[in-house]
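Report on the following structure.
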Amino acid sequence: MATTSAAAAVSAGTAAMQETKAMPSGSPPSGSASPARYRPSWLVIFSACLVLLGAGGPLLLRVYFVHGGSRLWLSAMLQISGWPLLLPPLCVSLYRSRRHGILNLLLPRRLVAAAAVLGGFYAVSCFVYGLGSQALPLSTSSLLLATQLAFTAVFAFLFVGLRFTPFSANAVVLLTIGPAVLGVGPSSGKPAGQSSKAYWTGFCEAIAAAALAGLVLPLVEVAMAKYGRRTGPAARVPPPYATVMQMQAVMGAAGTVVCLLGMAIKGDFQAVPQEAAAFGLGTTKYYLVLVWDAVSWQLLNLGIMGLITCASSLLAGIMIAVLLPLSQVLAVIFLHEKFDGTKGIALVLSLWGFASYLYGEKAQKKLEAQRMMAEQEVALAQKTADVESPAH
């Protein structure tokens with residue numbers, strides 16, 4: 001009897017050792033919960049680069065307004081109408097993956113419906129952003145748009161269950177105080193010849209646009225989690241980028257329909273030829289500005305959608321905040337906007353908030369890795385104890 005027990009113990013111990021060796025380093029033991037998020041992949045890096053490449057979108061939109069453009073629904077459509085550019089690469093991607101079944105790669109119907117609703121909502125936020133961009137210098141409106149991170153964090157806490165750390169809370173506070181400095185500064189960044197009422201109206205419109213955009217990002221993540229996230233081992237790897245392009249195409253198409261309706265109601269189709277003729281840079285450059293602005297915004301939107309789909313809405317908000325210093329530099333170089341001390345303080349506070357968030361994320365990742373290692377050690381010790389107990 002004792003010999004049989006000892007043999008069973010040795011056999012169980014051998015099986016436990018083999019299971020331990022088979023377990024990849026850095027992976028949690030089978031008894032512990034595996035993390036829902038995966039490590040940053042090339043898709044996340046690629047999406048972040050697209051966001052940076054789309055920095056020309058806000059600049060060209062301001063060029064449109066500075067040189068005589070005034071059609072707000074047209075400006076909103078520029079921000080979301082570049083989605084047809086996604087159709088060729090999307091078709092190629094689906095064709096190359098046809099062995100898995102094209103129908104299996106298409107978005108579920110409920111996710112398509114949710115994306116269409118969010119696309120219409122995003123069109124409204126683009127319209128409000130156009131109102132603010134028309135009244136404010138690019139350097140001021142970009143600083144105000146940085147508050148989108150604060151709104152994204154709050155809405156992600158409410159809808160996605162985001163947990164605040166001291167560093168993320170500090171980032172939210174700093175990115176809120178930064179734009180507030182613009183409002184209490186000596187000149188408040190108001191352009192010469194503009195009334196205070198028009199400036200403060202644009203100020204509030206830019207904040208409202210940031211709030212609306214900050215709401216859309218977590219809602220997209222909620223829609224993906226509820227209707228489009230995969231389960232099992234497939235949930236630990238990034239989804240195909242075809243999913244990202246489909247989400248962006250559906251949202252862009254729905255938003256374009258909303259903008260076209262707004263343009264038809266406001267008579268923009270009849271006014272565009274007249275506006276092009278009176279444009280300060282000439283008729284040809286008018287249409288070039290419109291085309292390249294739509295392309296730049298599409299790069300930006302695709303990058304944001306990629307970050308939401310492959311990572312989180314908060315990371316997407318962080319990358320939008322990264323555009324802040326780049327927009328400041330572009331506005332000073334190409335639009336010759338004044339960069340005074342008030343804007344400098346707001347810029348430093350915003351960058352400080354961004355750095356605080358990055359440091360907090362790094363510290364959080366380190367703590368999670370340490371906790372995972374501790375769980376592995378506890379599980380291994382428990383398994384060893386269970387193996388040794390029959391021998392006694």
Please work out which one of (1) open to solvent by 60 Å² or more (accessible area, probe 1.4 Å); (2) acidic (Asp, Glu); (3) farther than 25 Å from PHE164 by Cα is the condition GLU368 fails and give its number. (3)
Exception for PHE339 within (1) more than 30 Å from MET247 (Cα to Cα); (2) in contact with a Phe, Trp or Tyr (Cβ under 7 Å, 6 or more places away or on another chain); (3) modelled with pLDDT under 75 falls at (2)
For the list (1) out of contact with any Leu (no Cβ under 8 Å at 6 or more places or on another chain); (2) buried (at least 16 other Cβ atoms within 10 Å of the Cβ); (3) modelled with pLDDT under 80, I need the number of the one condition that ALA208 fails. (3)
Taking the range 134-157 as the region of interest, how many residues are more than 16 Å from LYS343 (Cβ to Cβ) and in contact (Cβ under 8 Å) with a residue 24 or more places away in the chain? 11
Out of the residues in the range 148-168 that are among the aliphatic types (A, V, I, L, M) and modelled with pLDDT of 75 or more, state the one that is most open to solvent (accessible area, probe 1.4 Å). LEU158
Does the range 63-77 contain any residue that is part of a helix (DSSP H, G or I), over 27 Å from LEU261 (Cβ atoms) and open to solvent by less than 30 Å² (accessible area, probe 1.4 Å)? no
Any idea which of (1) open to solvent by less than 20 Å² (accessible area, probe 1.4 Å); (2) among the aromatic types (Phe, Trp, Tyr); (3) over 30 Å from LEU74 (Cα atoms) is the one TRP352 doesn't satisfy? (1)
Flag if LEU107 is open to solvent by less than 70 Å² (accessible area, probe 1.4 Å) and either among the basic types (Lys, Arg) or in a loop (DSSP other than H, G, I, E, B) (or both): yes
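The values are calculated or read from the model by the stated rules, or taken from the named source; none is laboratory data. On a predicted model such as this, the values are computed, not experimentally measured, just so you know. A quick note on method: Cβ atoms are made from the backbone with ideal geometry, for glycine too, and the neighbour counts reach across all protein chains shown. Heavy atoms of the whole protein, side chains included, go into the accessibility calculation; ligands, DNA and RNA do not. Shrake-Rupley method; radii C 1.70, N 1.55, O 1.52, S 1.80 Å.
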